[in-house]
Amino acid sequence: MDFNDTAEEAAYREKVRAWIAENTKEYEGQGAAKTNEEFVARQKSWQKKKYDAGYAGITWPKKFGGQGKGPMESIIFSQEEGKSAAPTGLYAIGLGMCIPTVFTHGSQEVVDRFVPVALEGEEIWCQLFSEPAAGSDLAGIRTKAEKDGDEWVINGQKVWTTNAHLCDYGIIVTRTDPSAPKHKGLTMFIVDMHSEGVEARPLKQMSGGSDFNEVFFDDVRVPDAWRLGDEGQGWQVALTTLMNERLAVGGKPRYSPDWRALLNLAKEIETVLGPASEQADVREEIAKAYINDHGVKLTQQRALSALSQGKTPGPEQSISKVVVAKQMQEISRIALDLSESQGFVKAEPGSELDRFQSSYFGAAGLRIAGGTDEILRNIIAERVLGLPGDLRPPKDTPFNELKPV
Amino acid sequence: MNFDFSDDARTLQDQARRVFDETAGPDAARAVMNDPDKHYDEAIWKQAVELGLTAIRVPEEHGGVGLGAEEACLIAEEIGRGLVPAPLISTMLFTEALLIAGSAEQQAKWLPGVADGSVIGCFGWGEGASQLPSSMPDTRMAKGGLTGTKSPVADAPIANAAVVSYAGEDGPALALVDLSRDDARVTVVETLDLVRPHGTIELKGVEAEPLGTSADYQDFLDRAAVLLSFEALGTQDAAMRMAVDYAKERVAFGQRIGRYQGVKHNAADMYVKGELARAHAMHGAWAFQAGSPELRQAAAAARTASLDAVTYTAEENVQMHGGIGYTWESNCQFYYRRARAISAMLGSRGFWSDRLVRSLENRNAEAA
């Protein structure tokens, strides 16, 4: 056993580290972007540099403009990029989930039109899946698409769409045949976010922040050539996207405090019994945080080892998000409790206490986003342990005749 | 990166699993439990010795095969999975103590017998409710004679020799006692585990040899914690499989109970806790093998997480079975009891989670 790079991995890491160091100088010491335009401009400039240097789409096939390399190279690049001042995030969904779906299911014409520009960073993409009445049960979406000659007309509403207000294009799952069974009446399209009838409204979260949008579609027209996969095959196409989501989401947000932050906080808090860090209940929580945080990290290293050796990672990866999200909520609440009355007063932005306060709210969202704790437990129980699924209405019931049991 | 066991170690594990699948398991454990004259299954012990399982860590010069921590950990996992009613884990801990702290003579005296199965070893630290594995024992050494009472000591009634903790000059340390001596008194003590025999070792000035330093004792605790965490993982996995198999078959309200989220989420939690524990245990196996300074924290985390996993799973396995799981005839009790035995073997969860935080504090201070 070892945790070291192979010789090839080490050489690749050395190479990308040097390149990243050289090319991220201009972003060092930049504060947070003050406007959307500034935010997008920074992200675009970094994506363009990566594209020009051959570090964009590392795992994508060469025929789609990628580098045709293995997952380890991509992971190594992301690790080194994560340690640098590089402005990242805006392309995670587009290049991580949307475009792979486009090049897997789109026509040649669509691939040629969209894939290279997206990889270069010129056009930004979003994913239009969740709806007010369909979150965990994604196949229950109701946004309609009706055929009109060579075009489709879309009406309905999406929600929880990350960065919709900054995006140029999106992939959207729609219901094209309400009389077909639930999973069989869906079709996916590319939609131009600037076209008439599309309106993205920021959604205000309970944290006060606005990271998502509601998107309304009012007679929005898309050409049939922008269909992804066959009519009625939307569920299969959406699964491609979701599989890529599993690869993209999972770790813990970078701003989220870990066991070290709790330990440091507990050391500084004086109680009548001495530092809080010497109290058994507090130590118990620090131990729990380490076991969960570091356990997930080690589990990810098991997966990396498998990838590094050309094997498929085991099912243990499925535990990550369900552990991380709840742990983030717990550690934050415990820190606020330890801080007593001070923990309740709005903290100085950027302070350690501020991290705990915002993580406490962020965690409530993370436990829901990208698979709720409950859905993830179902997946573990059913796909990993082989337990039977929930009883559902007969599979061939037309969608428009489904009634709650 | 290669954070996984070697193929050779896996092959050895598979061999052990095949043998224990046939001979050990709950039925073998029940047979030992039901026979008051039987402390362990001698046939399984013999088979394990023939397979070389007691010789894994013994150096070649002492008749062993001199393999590393990886192999020992995976064998411990199979011992746990099979609820193996033979003194293999105790003898493994005895062996580790000699490897860490034994002089050339001590090793030459005891290890060949371990390798060929003629020596059963055991380890004792307990002295009652106020004693932790790291606190100063009441057991004292004076003029080469050891005085004190160790209880409960797993497998002591069948062991030829014991390593026990005593009050060393600068902290608890290990001493080696030949249990075949007439003045080394071992009596059977009844515990919550009705399969593995436990004993009280009473020593009144019994001739004993110091085994290494108090630092060696701390290292020994780390290695023992890693090995026991693998035993716990094996037991946990077996209990989880038992629960899941039942949830796939048992019908209530017209459907298999595994469909209910109240049931399946419990099963998922067993898996999550098991995999978290496995990741830490693997980290421990790596640190053990590599002789890394991370061993202290990795071992404590492995021990804490594996106790969480095996305890939760053993408890929920009974729950998932409902009434039938609470009967004497059900095999649920073996996992429920074994989880207690694993905990008792080296100090309970509270001690280890505190030791984990202490080592994290030290590491943080060094990093600062």
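The values are calculated or read from the model by the stated rules, or taken from the named source; none is laboratory data. Bear in mind the structure is a predicted one, so any value in this text is a computation, not a measurement. Here the Cβ is made from the backbone with ideal geometry for all residues, glycine too, and neighbour counts use every protein chain on show. Only protein heavy atoms, including side chains, enter the accessible area calculation; ligands, DNA and RNA are left aside. Shrake-Rupley method; radii C 1.70, N 1.55, O 1.52, S 1.80 Å.
Residue by residue through the stretch B:9-25, note down the ones that are open to solvent by 30 Å² or more (accessible area, probe 1.4 Å), more than 23 Å from B:Glu96 (Cα to Cα) and touching a residue at least 60 places away in the same chain (Cβ under 8 Å).
Across the stretch B:9-25, the qualifying residue is only B:Asp21.
Hey, among the residues in the stretch B:329-362 that are more than 25 Å from the chain's Cα centre (by Cα) and more than 10 Å from every other protein chain (Cβ to nearest Cβ), which one's nearest to A:Ala261 (Cα to Cα)?
Among residues in the stretch B:329-362 that are more than 25 Å from the chain's Cα centre (by Cα) and more than 10 Å from every other protein chain (Cβ to nearest Cβ), the one nearest to A:Ala261 (Cα to Cα) is B:Asn362.
Within the stretch B:253-262, track down each residue that is more than 8 Å from every other protein chain (Cβ to nearest Cβ), of a type outside the set (A, V, I, L, M, F, W, C) and assigned to a helix (DSSP H, G or I).
Result: B:Gly262, single match.
Can you find a residue that is of a type in the set (Val, Ile, Thr), surrounded by fewer than 20 Cβ atoms within 10 Å (Cβ to Cβ) and touching a residue at least 40 places away in the same chain (Cβ under 8 Å) anywhere in the stretch B:47-54?
yes
Do you know which of the residues in the stretch A:7-37 that are outside any helix (DSSP H, G or I) and surrounded by 14 or more Cβ atoms within 10 Å (Cβ to Cβ) is nearest to the other protein chains (Cβ to nearest Cβ)?
Among those residues, the one meeting the criterion is A:Thr24.
Could you tell me whether the stretch A:332-342 includes any residue that is assigned to a helix (DSSP H, G or I), within 14 Å of chain B (Cβ to nearest Cβ) and not basic (Lys, Arg)?
yes
Is it true that B:Ala215 is at negative phi, assigned to a helix (DSSP H, G or I) and either within 12 Å of chain A (Cβ to nearest Cβ) or touching a Gly at 6+ places or on another chain (Cβ under 6 Å) (or both)?
Here the answer is no, as B:Ala215 does not meet what is asked.
Tell me, which strands (runs of 3 or more DSSP E) wholly within the stretch B:117-167 include 3 or more residues that are without any contact (Cβ under 8 Å) to a residue 40 or more places away in the chain and either closer than 30 Å to B:Glu42 by Cα or small (Gly, Ala, Ser) (or both)?
Ranges flagged: none.
Does A:Gly70 qualify as being small (Gly, Ala, Ser), open to solvent by 30 Å² or more (accessible area, probe 1.4 Å) and in contact (Cβ under 8 Å) with a residue 40 or more places away in the chain?
No: the conditions fail for A:Gly70.
Pick out, from the stretch A:169-261, the strands (runs of 3 or more DSSP E) lying fully within it that include 3 or more residues that are buried (at least 20 other Cβ atoms within 10 Å of the Cβ) and basic (Lys, Arg).
Of the strands (runs of 3 or more DSSP E) lying wholly inside the stretch A:169-261, none has at least 3 residues that are buried (at least 20 other Cβ atoms within 10 Å of the Cβ) and basic (Lys, Arg).
When you look at B:Arg259, is it within 30 Å of A:Glu374 (Cα to Cα) and within 25 Å of the chain's Cα centre (by Cα), yes or no?
Considered against the rule, which asks whether it is within 30 Å of A:Glu374 (Cα to Cα) and within 25 Å of the chain's Cα centre (by Cα), B:Arg259 comes out as no.
For the stretch B:100-115, give me each residue that is crowded, with 16+ Cβ neighbours inside 10 Å and out of contact with any Ser or Thr (no Cβ under 8 Å at 6 or more places or on another chain).
B:Ile100, B:Gly102, B:Gln106, B:Gln107, B:Lys109, B:Trp110, B:Pro112, B:Gly113
Yes/no per residue for (1) open to solvent by 10 Å² or more (accessible area, probe 1.4 Å); (2) without any contact (Cβ under 8 Å) to a residue 12 or more places away in the chain; (3) farther than 23 Å from B:Asn2 by Cβ:
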| site | (1), (2), (3) |
| --- | --- |
| B:His283 | no, no, no |
| B:Leu295 | yes, no, no |
| B:Ala300 | no, no, yes |
| B:Arg303 | no, no, yes |
| B:Val318 | yes, no, yes |
| B:Trp328 | yes, yes, yes |
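Mind listing whichever residues of the stretch A:146-168 are free of Cβ contacts under 8 Å to residues at least 60 places away in the same chain, over 16 Å from the mean Cα position of the chain (by Cα) and surrounded by 16 or more Cβ atoms within 10 Å (Cβ to Cβ)?
A:Lys158, A:Asp168
The rows are residues; the columns are (1) surrounded by 18 or more Cβ atoms within 10 Å (Cβ to Cβ); (2) not assigned by TED's automatic domain parsing to the domain that holds B:His62.
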site	(1), (2)
B:Ile75	yes, no
B:Ile79	yes, no
B:Gly82	yes, no
B:Ser90	yes, no
B:Glu127	yes, yes
B:Asp138	no, yes
B:Gly148	yes, yes
B:Ser151	yes, yes
B:Gly171	no, yes
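Would you be able to say whether some residue in the stretch A:303-315 is charged (D, E, K, R), open to solvent by 10 Å² or more (accessible area, probe 1.4 Å) and either more than 8 Å from every other protein chain (Cβ to nearest Cβ) or in contact with a Ser or Thr (Cβ under 6 Å, 6 or more places away or on another chain) (or both)?
Looking for residues that are charged (D, E, K, R), open to solvent by 10 Å² or more (accessible area, probe 1.4 Å) and either more than 8 Å from every other protein chain (Cβ to nearest Cβ) or in contact with a Ser or Thr (Cβ under 6 Å, 6 or more places away or on another chain) (or both), one finds at least one in the stretch A:303-315, hence yes.
Kindly check whether there is at least one residue in the stretch A:356-370 that is under 17 Å from A:Gly135 (Cα atoms), touching a helix residue (DSSP H, G or I) at 6+ places or on another chain (Cβ under 7 Å) and of a type in the set (A, V, I, L, M, F, W, C).
Yes, that holds for at least one residue.
Take the residues in the stretch B:263-280 that are more than 7 Å from chain A (Cβ to nearest Cβ) and over 22 Å from the mean Cα position of the chain (by Cα); name whichever of them is farthest from A:Leu376 (Cα to Cα).
Filtering the stretch B:263-280 for residues that are more than 7 Å from chain A (Cβ to nearest Cβ) and over 22 Å from the mean Cα position of the chain (by Cα), the one farthest from A:Leu376 (Cα to Cα) comes out as B:Val263.
Residue pairs, Cβ under 9 Å, 6 or more apart or interchain, first in the stretch B:212-226 and farther than 22 Å from B:Leu88 by Cβ and open to solvent by 40 Å² or more (accessible area, probe 1.4 Å), second in a loop (DSSP other than H, G, I, E, B) and not polar (S, T, N, Q). List them.
Listed pairs, sorted by first residue: B:Thr213/B:Glu169; B:Thr213/B:Asp170; B:Ala215/B:Asp170.
Only residues that are open to solvent by less than 40 Å² (accessible area, probe 1.4 Å) and within 7 Å of chain B (Cβ to nearest Cβ): list them for the stretch A:277-291, please.
Across the stretch A:277-291, the qualifying residues are A:Arg283, A:Ile286, A:Ala287, A:Tyr290, A:Ile291.
For the stretch A:119-145, how many residues are open to solvent by 70 Å² or more (accessible area, probe 1.4 Å) and assigned to a strand (DSSP E or B)?
Count: 1.
It is to be established whether one or more residues within the stretch B:343-352 are of a type outside the set (Val, Ile, Thr), in a helix (DSSP H, G or I), free of Cβ contacts under 8 Å to residues at least 24 places away in the same chain and open to solvent by 20 Å² or more (accessible area, probe 1.4 Å).
yes
Can you find even one residue in the stretch A:359-378 that is in contact with a Pro (Cβ under 9 Å, 6 or more places away or on another chain), over 30 Å from A:Gly140 (Cα atoms) and assigned by TED's automatic domain parsing to the domain that holds A:Asp258?
There is at least one residue in the stretch A:359-378 that is in contact with a Pro (Cβ under 9 Å, 6 or more places away or on another chain), over 30 Å from A:Gly140 (Cα atoms) and assigned by TED's automatic domain parsing to the domain that holds A:Asp258.
Looking at the stretch B:57-86, which of its residues are under 24 Å from B:Ala238 (Cα atoms) and among the aliphatic types (A, V, I, L, M)?
B:Ala69, B:Ala72, B:Leu74, B:Ile75, B:Ala76, B:Ile79, B:Leu83, B:Val84, B:Ala86
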